[in-house]
Amino acid sequence: MRLNLKFENLVSLDNITVAFGGFTLINNISIMINPRDRIGLVGKNGAGKSTLLKILMRLQNPASGAVSCPADITVGYLPQQMPHYDHLTVFEEVMKAFDVLQNIEKQIEQLTRDLSKYKDYNSPEYLKTIEKLNDANDLYNIHGGENREASIEQTLIGLGFKRTDFYRKTMEFSGGWRMRIELAKILLRRPNLLLLDEPTNHLDIESIQWLEDYLKVFDGALVLISHDRAFLNNVTTRTVEISLGKIYDYKAPYSQFVQLRKERREQQIAAYQNQQKLIETTQDFINKFRYKPTKSNQVQSRIKQLEKIDIIEIDDEDNSALHIKFPSAPRSGQVVFEAKNLTKQFGDNVVFRDVNLKIERGNRIAFVGRNGEGKTTLARIIAGELNYEHGEAKLGYNVNLGYFAQNQDTIMNDNDTVFETLDRIAVGDIRTKLRDILGAFLFRGDDVDKKVKVLSGGERSRLAMAKLLIKPYNFTVLDEPTNHMDMLSKDILKDALMKFDGTLLVVSHDREFLDGLVDKIYEFRDQKVKEYLGGVYYFLQRRKIETISDIEKKNSIIENRKHKESSGKDEYMKKKENEKILRKIQSSIEKIEKQIEEIEAKIADWDKKLANPEIYNLNINDHSIFEQYNSLKSKLAMQMHEWEKCHYELELIANN
């Protein structure tokens, strides 16, 4: 844990401009980041979001402008790509987050050795060393020295690691898991400012939810780049959009920002149209009466009025977008894919065992679960790209499968051009439409001649998606299709998939993308695959309930085991404690019964008096008499309730 230093503001960017070879990416923008800010940095791919984070980290210099921040501010930065180190275990690598603590420990050890040299415990040198040692111990505790191993364990488990992973070498993990190791180190350092560039790309749904909960209570400022709408809405409270070199700042989470941006643009257009109408009317008046002496003063006044008008500008909109429409799907048999007792393992590692599932025509399915549980593995088996050890896996009659793979780097030829990538698989009349298809995926003009090896992650994803439009598939399998897509592209893809009339299988951790798109969930967990009928949010709700249920079952088992293993001494102590409680309850019952007896006697006395007509008529207008009588009735009811409660407790104790 870091020292909770107070800053009026953390970082300010003043008149920042970024240009590459004559192209201005960011044009004269200014922004201030305050403590506890939760900023979602949004915009299309290539708008300059990652560049802005690099400028904040001083990894890239702007063409002009300045970055200002306090000297003692600490910043944690997670880029999309980062170097990894191979020689340490996961736990040892994450322990680097506590380098400051290790230095303090060395200082404490040295000061402790220094103390042992002194004989005079009242000397100034001894007292000064004691003071330094106390300061070092205080600093050690402030930085969480006593709890660091527990913090590491909690963070790693939250990010999806198992305890058995802690002592494996980092080189054994994929790039996505290594990114989680770096994220764990950054979170454990508890910086004043956290800069995260697409942190959810390699996280499963459970880990994303854990990270959401963590960031909600994180006591520093956050600047987050993400195309996960649900994640942004759950974490951020301020949205900064970069569009065509400008920024637009809203004190609202993403979904509210979208609505506010729409309203602002509508207001801009209305104000612009009204102003243009005023200008046109004024200009008509000037033109009409310019040469009439009687109107000269009015004409001059109107001319000055026009000169003073500040012309309203409408914000430019980036209207470049995908235009996707999947070809109509040929009819397949009723069963599209079926697995029976399917088992897959890599060496000794069993990914899943005895899986049974059936995908039927028209199904819209999502594979979800923690990374490494077999979602992509089964998708590859379905696509015919991977063998399996035991069981059956077969496609149905007349099934034509289109597959979007997560690992685009290994599937496309780096030396092919964009156009050649499609041309190699196209046959027939579709070859005449390749440039139109590429244009729909934003590959226009000279872009089609680019080599695959120079494409960005987002461009590779778009090209792989374009390949699915070459043939009319009736079973489309998409493995993490949205990882490198911006918000608008994801919405367009989702809309196109909603209209797709074939069978759909999506492997994804993006809740908003899956919401409304799929109606059946298969969860991969602990070598098993479980089916849930319903959408993704229904599944998440059920999963939470089931998790609580599992915890309750586990606690019940533990309690039963403890009960069986309890010694005679424990039984004796429990019996003595029960007897003590019984005596206390019985004493309370006796006390309550005595009070009930007294109240009933008073009520009987009042009943007797009020039954006498002379006394009743004498006191009929004295309301205090009846208030006292009703008060006794209320007290009796309360004491009877206490008596019943004590007897119920007595019965529970006796039965135990």
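The values are calculated or read from the model by the stated rules, or taken from the named source; none is laboratory data. All of these numbers come straight from a predicted model, not from anything done at the bench. In this analysis, Cβ positions are derived from the backbone assuming ideal geometry, glycine residues included, and neighbour counts consider all displayed protein chains. Calculation scope for accessible area: heavy atoms of the full protein, side chains included, ligands and nucleic acids excluded. Shrake-Rupley method; radii C 1.70, N 1.55, O 1.52, S 1.80 Å.
Observations on the structure shown:
- Checked against (1) at pLDDT 90 or above; (2) under 24 Å from Gln80 (Cα atoms), Met465 meets all criteria but (1).
- Identity of the residue in region 470-491, in contact with a Leu (Cβ under 9 Å, 6 or more places away or on another chain) and either open to solvent by 20 Å² or more (accessible area, probe 1.4 Å) or hydroxyl-bearing (Ser, Thr, Tyr) (or both), that ends up farthest from Arg380 (Cα to Cα): Leu488
- Residue count for region 385-416 satisfying the condition of being open to solvent by 20 Å² or more (accessible area, probe 1.4 Å) and within 22 Å of Arg460 (Cβ to Cβ): 12.
- Matching residues, region 121-131, being modelled with pLDDT of 75 or more and surrounded by fewer than 16 Cβ atoms within 10 Å (Cβ to Cβ): Asn122, Ser123, Pro124, Glu125, Leu127, Lys128, Ile130, Glu131
- Residue count for region 295-329 under the criterion of being open to solvent by 40 Å² or more (accessible area, probe 1.4 Å), modelled with pLDDT under 80 and either of a type in the set (Gly, Ala, Ser) or in a helix (DSSP H, G or I) (or both): the result is 2.
- Residues of region 58-104 that are among the aromatic types (Phe, Trp, Tyr) and surrounded by fewer than 17 Cβ atoms within 10 Å (Cβ to Cβ): Tyr85 alone.
- Residue in region 169-183 that is open to solvent by 70 Å² or more (accessible area, probe 1.4 Å), part of a helix (DSSP H, G or I), in contact (Cβ under 8 Å) with a residue 12 or more places away in the chain and not small (Gly, Ala, Ser) present: yes
- Check on Thr164, without any contact (Cβ under 8 Å) to a residue 24 or more places away in the chain, open to solvent by less than 20 Å² (accessible area, probe 1.4 Å) and either farther than 30 Å from Asn407 by Cα or assigned to a helix (DSSP H, G or I) (or both): no
- Filter result for the condition that a residue is surrounded by 13 or more Cβ atoms within 10 Å (Cβ to Cβ), within 25 Å of Gln639 (Cβ to Cβ) and modelled with pLDDT of 85 or more, over Gln527, Gln595: Gln595
- For region 423-451, residues that are more than 16 Å from Pro327 (Cα to Cα), assigned to a helix (DSSP H, G or I) and open to solvent by less than 40 Å² (accessible area, probe 1.4 Å) total 2.
- Here the strands (runs of 3 or more DSSP E) wholly within region 471-549 that include at least 1 residues being free of Cβ contacts under 8 Å to residues at least 24 places away in the same chain are 528-533.
- Residues of region 420-462 satisfying the condition of being touching a residue at least 60 places away in the same chain (Cβ under 8 Å) and within 19 Å of Pro472 (Cβ to Cβ): Ala440, Phe441
- Condition met for Tyr140 (closer than 20 Å to Lys106 by Cα and touching an Asp or Glu at 6+ places or on another chain (Cβ under 9 Å)): yes
- The set of residues from region 330-344 being more than 14 Å from Glu360 (Cα to Cα) and open to solvent by less than 10 Å² (accessible area, probe 1.4 Å) comprises Leu342, Thr343.
- Selection count where residues are exposed (fewer than 14 other Cβ atoms within 10 Å of the Cβ) and among the β-branched types (Val, Ile, Thr), scope region 105-120: 1
- Scope region 243-288; condition under 39 Å from the mean Cα position of the chain (by Cα), of a type outside the set (A, V, I, L, M, F, W, C) and open to solvent by less than 50 Å² (accessible area, probe 1.4 Å); matching residues: Ser243, Gly245, Tyr248, Tyr250, Pro253, Tyr254, Gln268
- Here region 29-48 is the region considered, the condition is being under 13 Å from Glu241 (Cα atoms) and modelled with pLDDT of 90 or more, and the residue that is surrounded by the fewest Cβ atoms within 10 Å (Cβ to Cβ) is Ser30.
- Only one entry in Glu153, Glu131 is of a type in the set (Asp, Glu), assigned to a helix (DSSP H, G or I) and either in contact with a Phe, Trp or Tyr (Cβ under 6 Å, 6 or more places away or on another chain) or closer than 30 Å to Glu212 by Cα (or both), namely Glu153.
- Taken together, Ile286, Ile269, Ile279 contain a single residue that is in contact with a Lys or Arg (Cβ under 7 Å, 6 or more places away or on another chain) and not in a loop (DSSP other than H, G, I, E, B), which is Ile286.
- The single condition from (1) under 16 Å from the mean Cα position of the chain (by Cα); (2) buried (at least 22 other Cβ atoms within 10 Å of the Cβ) that Val240 fails is (1).
- Just one residue in the set Tyr254, Tyr248, Tyr291, Tyr272 is touching a Ser or Thr at 6+ places or on another chain (Cβ under 8 Å) and among the hydroxyl-bearing types (Ser, Thr, Tyr); that residue is Tyr254.
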